[in-house]
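Data block below; observations after.
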Amino acid sequence: MERVLRQVRALHRLEPANNDHLAALRVAASVAVPSLLLLAIGRTDLIIYAVFGALTGMYGRSEPHQLRLGHQVQGALVLLGGVAVGVFLSVNHLHSWWLVAVEAALAGVGSVYADKVHLRPNGPFFGLLALGACASVPTVVPWYTALSIAAASAAFSLAVGFSGWILHRSWQRGAVRSKPAAAAPREILVHAARYVLAVGAAGTAGVLSGSGHPHWAMAAAAVPLAGADLPSSVRRGIHRIVGTFVGLAVTAVVLLPGPWTLTGLFPGQQAVLLALLVILFQFTTELFMTRHYGFAMVSFTPVILLMTQLAAPMDPGLLILERAVETLVGALVGIAVVVAVRRTGPRTLTSLPAPLLRFPRRPRH
C-alpha cells in the first residue's frame, strides 16, 4: 500500500526548477521570430511548419551551448524528417491507413535512432507529432516551401541555442555529453517494437473511430513509452490525459464562439490572436516540461490545436472533442503496451539526475 501511495504522490510532485525560464525563453524566441514574420506577411496558415522546426530548441536544454549544438542538430533531424514525411503524405493525399502504416514504421526507426544518440526529450515523440500534424492539413504551398520554412526555423533555433557563445566565448575541444551505458541491441529493438505496436494500435483505433485526426491517438500512445520504468511510464500516460483535458478547457475559452471567449472578444483578429497565443503557450509549456509533464500539457494542447486551426480551420467544438477522444484512446493504448511488453536493461536519460557533462582535463602548466 505504501508503494501505491508513493506513486500517487509522485503524480502531483513538481520537480525542482533548473533555470527553466532560460530554456523557455530560448524556445519561445525560436517560435516567435519565424511565427511573427509569417504573421507580418499574412501567412499564419504556415506557422505550423515554423513551430515544428522551432521545437529544435527543446533539445539539450540543460547543456552548455557547445554540447547543446550537437544535441539540437540530432533533434532537428527528427523534427525535419517528420515534417518532410508528413508533407509528402499530405501532397499525395495519403491519409487514413497510409498514415497509420507510415507513422508506426517510422516510430520504430525513430526509437532506434533516439536510443542510439540518447535524445533528451526521450524518444521520437516530437517527430511523430510533426509527421501526423503536417499530414493532416492540406499543403497549400509547394512542398519545398513548407520544408524550407521548417528548416529555416530549425536553423534559427540552433543559432539561439548556441547564442551562449557570445557571452562565454568558450569551446572545450573534445567535450562530450555523459550518457548512460549503451543498451544492448536486443533491448533497443524490443523498445522499438513497443513503439510500432503502440502507435500502430492507437492509429488503427483512431481510424476505426472515424476521427479526422488519428495521428493524435498515435502521438499520445508514444508518450508513456518515454518513461524510464513502469511507474514513470504510467504517470506520463495519466499526465497526458489529465493535462490534455485541462488544456482543452483552455482551448475552449479561446476558440469556441461566444462573447465570453477570446475570439468573441476580438472579432476579426482571430489569426493574429491565435498566432500570439501559440508563442505564449509554447513558453509556458517549456517552463514545466521537465518539472511536471501534466502541467506542460495544459499549455502544449492549445499550441497544437491553435496552429492546427490556423492551418486548416474547422468547427472548434469538433476539434476539441476529437482531441479528447484520440488522446484518451492513445494514452490508454500506450499504457497497455508498457504493461504488456516490459522493458529491461539500461534506462534512458530520464532515469538519471540532471545531465552530466564530461570535459577533457586540461594539462597543468
- Item | Residue count for the stretch 263-290, restricted to those that are in a loop (DSSP other than H, G, I, E, B) and crowded, with 16+ Cβ neighbours inside 10 Å | 2
- Message: Under 8 Å between Cβ atoms, which residue pairs at least 6 apart in sequence (or on different chains) link something in the stretch 143-168 that is under 21 Å from Gly81 (Cβ atoms) and free of Cβ contacts under 8 Å to residues at least 60 places away in the same chain with a partner that is among the polar types (S, T, N, Q) and not in a helix (DSSP H, G or I)?
- Response: none
- Restricting the search to the stretch 235-294, which residues are within 25 Å of Arg61 (Cα to Cα) and either touching a Cys at 6+ places or on another chain (Cβ under 8 Å) or small (Gly, Ala, Ser) (or both)? Gly237, Gly243, Gly247, Ala275, Gly294
- Message: Return the pair list, or none, for Cβ contacts closer than 9 Å from residues in the stretch 189-212 that are without any contact (Cβ under 8 Å) to a residue 60 or more places away in the chain to residues that are open to solvent by less than 30 Å² (accessible area, probe 1.4 Å) and assigned to a helix (DSSP H, G or I), at least 6 apart or on different chains.
- Response: Leu208/Pro214
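Yes/no matrix, rows are residues, columns are (1) open to solvent by less than 40 Å² (accessible area, probe 1.4 Å); (2) within 21 Å of the chain's Cα centre (by Cα); (3) at pLDDT 95 or above; (4) not β-branched (Val, Ile, Thr):
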| site | (1), (2), (3), (4) |
| --- | --- |
| Ala130 | yes, yes, yes, yes |
| Val141 | yes, no, yes, no |
| Ser148 | no, yes, yes, yes |
| Ala154 | yes, yes, yes, yes |
| Arg173 | no, no, no, yes |
| Pro185 | no, no, no, yes |
| Arg194 | yes, yes, yes, yes |
- For the stretch 100-124 the number of residues that are modelled with pLDDT of 95 or more and surrounded by fewer than 24 Cβ atoms within 10 Å (Cβ to Cβ) is 9
- Task: Could you tell me whether any residue of the stretch 217-231 is modelled with pLDDT under 95 and open to solvent by 50 Å² or more (accessible area, probe 1.4 Å)?
- Result: yes
- Condition met for Leu38 (of a type outside the set (S, T, N, Q), touching a helix residue (DSSP H, G or I) at 6+ places or on another chain (Cβ under 8 Å) and at pLDDT 95 or above): yes
- Residue tally, condition within 16 Å of Ala76 (Cα to Cα) and open to solvent by less than 10 Å² (accessible area, probe 1.4 Å), over the stretch 40-62: 13
- Flag if Arg240 is open to solvent by 50 Å² or more (accessible area, probe 1.4 Å) and either outside any loop (DSSP other than H, G, I, E, B) or touching a Gly at 6+ places or on another chain (Cβ under 6 Å) (or both): no
- Task: Check off (1) more than 21 Å from His118 (Cα to Cα); (2) assigned to a helix (DSSP H, G or I) for Trp260 and give me the number that stays unchecked.
- Result: (2)
- Task: Please go through the stretch 80-90 and pick out each residue that is among the hydrophobic types (A, V, I, L, M, F, W, C), farther than 18 Å from Val27 by Cα and open to solvent by 10 Å² or more (accessible area, probe 1.4 Å).
- Result: Ala84, Val85, Phe88
- Query: In the stretch 303-324, what count of residues is obtained for those that are touching a helix residue (DSSP H, G or I) at 6+ places or on another chain (Cβ under 8 Å) and within 13 Å of Ile48 (Cα to Cα)?
  - Reply: 10
- Item | Ala24 being closer than 22 Å to Leu167 by Cα and either open to solvent by 60 Å² or more (accessible area, probe 1.4 Å) or not aromatic (Phe, Trp, Tyr) (or both) | yes
- Of the listed residues (Leu37, Leu67, Leu77), the one being surrounded by fewer than 21 Cβ atoms within 10 Å (Cβ to Cβ), touching a Lys or Arg at 6+ places or on another chain (Cβ under 8 Å) and either in a helix (DSSP H, G or I) or not polar (S, T, N, Q) (or both) is Leu67
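The values are calculated or read from the model by the stated rules, or taken from the named source; none is laboratory data. Small disclaimer: the values here were computed from a predicted structure and weren't measured. Note that we place each Cβ from the backbone using ideal geometry, even for glycine, and neighbour counts take in every protein chain shown. Just the protein is used for accessible areas: all its heavy atoms, side chains included, with ligands, DNA and RNA removed. Shrake-Rupley method; radii C 1.70, N 1.55, O 1.52, S 1.80 Å.
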